[in-house]
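**Student:** Would you mind keeping the following structure in view while I ask a few things?
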Amino acid sequence: MVNKQSKTKRFGILTSGGDCPGLNATIRGVARAAMDKYGMEVVGIRNGYRGLIENDTQLLSRDDFGGILTRGGTILGTSREKPFKDKDWLSGEKNSAPELIMRTYEKLKLDCIVVLGGNGTNTTGYFLAKEGLNVIGLPKTIDNDIVETDVTFGFHTAVGVATDAIDRLHSTAHSHNRVMIIEVMGHKAGWLGLFAGTAGGGDVILLPEIPYDINSISKHLVDRANAGKNFSIVVVAEGALSKEEAKLDKKEFKKQREKSSVSIGYRVAKEIEEATGLESRVTVLGYLQRGGIPCAYDRVLSTMFGTYAAEMLFKGDYGKMVAMRNNVVEGVPLELVAGKIKPVPLDSQLVFAARQVGTCFGD
Ligand code: F6P
């Protein structure tokens, strides 16, 4: 039975920023509930905000959402378009990216846009809401670094991929008596490194939030070797940095990093070999953490988030991002999310737990 009392009759939906498993499950949750329960029309917007700028859109049918619960990536495509960084917008020129977005929104007679994305996407959503558009955000990222929500969809699937990789590295590290360094994603936050490093039994976990001292790492690895452990696993978040680097300002840090053409995992491996003489090898997991099908948890989370967004559309509860807080799904004002990232807190219970089982964080 369709309830025709919805405040939203027609909305656009887009996916923006880095892709991840769970995007299609979330799209499915929003669209199926909105169409089947409330009779709404769904307009697919291609390639993130670029689809709004270029009016690259298409009215979607129920069939477009069949069989996508377990599909990785996004059926809509994505981009890293940042409309409010457009020079025409900044200089007040006509036909700026935000202006084109607002024109498309009017032309398509949308009552709302639903944006699935990370910090940048939800920040752009907030700016568009300030310009008068109705916006609902959904927290997507493998980095889990969005404030006001306990978890983002895509995160736990990436933790599973990275953990499986760490498990595999144990056997080859053991066979070759080596130190295995595995570099994981996570952008400027250490959530992915912390969760996968703990789940994978990493001996050392390096996070952006805890700048490392190579002497502390080396002592831990040499102590392990002297205690008869013939291998070690070092998990390095891509945003990790040394104590020395942490003292540099942004410009000096950038200059320092430009001197080296290799990523942090390789730099840490070199420092470890030079300091300890222990043979080291590096694996950079990269985009494997963004690929594949969503894990069961993310399918459930995506369905809960997506259908909750449909409720918000029905009630006309705009200007918010769907969030999970203390195991309850609710809407939080986009204003509280915009422009922020959520680092691992230094008093994190998981950091404490990992230390209790002997993990070294390089400090
Ligand atoms: O935000 C997700 C993420 O995978 C980060 O972990 C990573 O640093 C970044 O995207 C990579 O960006 P791109 O896909 O543009 O190379």
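**Student:** Which shape class applies to the range 33-72: rounded if a/c is under 1.5, otherwise prolate when a/b exceeds b/c and oblate if not, where a ≥ b ≥ c are the square roots of the Cα gyration tensor eigenvalues?
**Tutor:** Since a/c reaches 1.5 but b/c is at least a/b, the shape of the range 33-72 is classed as oblate.
**Student:** What distance in nm separates the simple spin-label points at Ser261 and Glu330, each placed 7 Å from Cα in the Cβ direction?
**Tutor:** Placing both labels 7 Å along Cα→Cβ, they lie 5.2 nm apart.
**Student:** Moving on. When the convex hull of the C-alpha atoms of the chain is computed, what volume per residue in Å³ does it have?
**Tutor:** 137 Å³
**Student:** Give me the net charge of Gly316's neighbourhood, meaning all other residues with Cβ under 9 Å from the Cβ of Gly316; Lys, Arg count +1, Asp, Glu -1.
**Tutor:** That sum, taken over residues with Cβ under 9 Å, equals 0.
**Student:** I need the GluC sites (Glu not before Pro) found in the range 67-102, filtered to DSSP loop residues with at most 15 other beta carbons within 10 Å of theirs.
**Tutor:** The qualifying sites are Glu93.
**Student:** Now, a different point. Show me the trypsin sites (Lys or Arg not before Pro) within the range 301-352 that DSSP assigns to loop and that have at most 16 other Cβ atoms within 10 Å of their Cβ.
**Tutor:** Lys340
**Student:** On to the next question. Round to a whole angstrom and tell me the spacing of the C-alpha centers of the range 276-302 and the range 165-228.
**Tutor:** Cα centroid to Cα centroid, the span is 14 Å.
**Student:** Mean residue ellipticity at 222 nm from the helices of the chain, using -39,500 (n - 2.57) per DSSP H segment of n ≥ 4 over the full residue count, to the nearest 500 deg cm²/dmol?
**Tutor:** Rounded to the nearest 500, it is -12000 deg cm²/dmol.
**Student:** Classify the range 63-209 from the C-alpha gyration tensor, please: rounded if a/c falls under 1.5, else prolate or oblate depending on whether a/b exceeds b/c.
**Tutor:** Because a/c hits 1.5 or more and a/b exceeds b/c, the range 63-209 counts as prolate.
**Student:** Starting from the range 205-238, pick out the trypsin sites (Lys or Arg not before Pro) whose DSSP state is loop and whose Cβ has at most 13 other Cβ atoms within 10 Å.
**Tutor:** Lys229
**Student:** Give the aspartates and glutamates reachable from Lys315 as a straight Cα distance under 17 Å; neighbours fewer than 8 places away on the same chain don't count.
**Tutor:** Candidates past the 8-residue exclusion: Asp36, Glu41, Asp111, Glu330.
**Student:** If you don't mind, another one. Going by a ≥ b ≥ c, the root eigenvalues of the Cα gyration tensor, does the range 1-154 fall in the rounded group (a/c under 1.5), the prolate group (a/b larger than b/c) or the oblate group?
**Tutor:** Note, shape of the range 1-154 comes out oblate.
**Student:** Among the lysines, which fall within straight-line cross-link reach of Lys107, defined as a Cα-Cα distance under 18 Å, with same-chain neighbours fewer than 8 residues apart omitted?
**Tutor:** Partners within reach: Lys9, Lys94.
Values in this text are rule-based calculations from the coordinates and carry no lab data. Since this is a predicted model, take the numbers as computed values, not measurements. With ideal geometry, Cβ positions are generated from the backbone for all residues, glycine too; neighbour counts draw on all protein chains shown.
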